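Remarks on the structure that follows.
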Amino acid sequence: MSSAVAVLTAMITPAVLISACGSMILSTSSRLGRVVDRVRTLSDKLDELAERDAAETKERQGIIFAQLDKLTSRARILQRSMVAFYLATGMFVATSVAIGIVAVIPSSPHYNLVPVMVGLLGACFLFYGSMLLIFEARLALSTIHAEMDFIWQQSTRVAPADLVETHKPHFVHFRSHK
């Protein structure tokens, strides 16, 4: 009875990592949805600007084009990370199954390595997906900075000169300005 409980306990242990993968999949899916929504919004804006005078909207079209380029990269990174998280989930489920199978078959040191190897492979996929999300977050931040810089530039053109001058020395973020 105690060995059966030990096997069941060992089989449930990967469930924590399966739950972590589920949270990462949900979060990544949400991020991907926001990227797709943003692409659709910017695409509509680009179509709207194309109908206007090109000289008047050329700068805004350039900013939108640059954002669409980065959003495309973000979407691809997010898709890769979701695949990694799904693979990790599968590996952790396989780990749980392998633990159960190893407990049933005759004891052999070679079979005992299977759940460990599958679990480590799942952990590697989870780590890889997490690294991809870090790259995607940095890309998202660069997009936000570029858009905010453009909006700041546009607002300084229409705001009263004395108001612009009072806010000029303030830096919102620490990075080099072009």
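The values are calculated or read from the model by the stated rules, or taken from the named source; none is laboratory data. Since this is a predicted model, take the numbers as computed values, not measurements. For neighbour counting, all protein chains shown are included, and Cβ atoms are generated from backbone atoms with ideal geometry for every residue, glycine included. Remember, those area values only see protein heavy atoms, side chains included, never the ligands or the DNA or RNA. Shrake-Rupley method; radii C 1.70, N 1.55, O 1.52, S 1.80 Å.
Of note:
- In the range 15-80, taking the dipole from charged Cβ atoms about the Cα centre, the farthest positive-side position among 17, 61, 72 is held by 17.
- Surface listing: 60, 74 arranged by accessible area from highest to lowest gives 60, 74, probe 1.4 Å.
- Taken about its Cα centre, the chain carries a charge dipole of about 380 debye when Lys and Arg each add +1 at the Cβ and Asp and Glu each add -1 at the Cβ.
- Gained length - residue 5 relative to residue 116, 0.36 nm times residue gap less alpha-carbon distance: 38.0 nm
- Note on surface exposure: 32, 42, 141 rank 141, 32, 42 by accessible area, highest first, 1.4 Å probe.
- Length released on extending from residue 43 to residue 15, taking residue separation times 0.36 nm less the Cα-Cα span: 5.9 nm
- Computed log₁₀ I(q)/I(0) - Debye formula, equal Cα scatterers, no solvent, the chain, q 0.10, 0.17 Å⁻¹: -0.60, -1.06
- Contact order, relative form, for the range 23-158: 30 percent (alpha carbon pairs under 8 Å, 6 or more residues apart, mean separation divided by residue count).
- 1.4 Å probe accessible area per residue over the range 42-178, in Å²: 68
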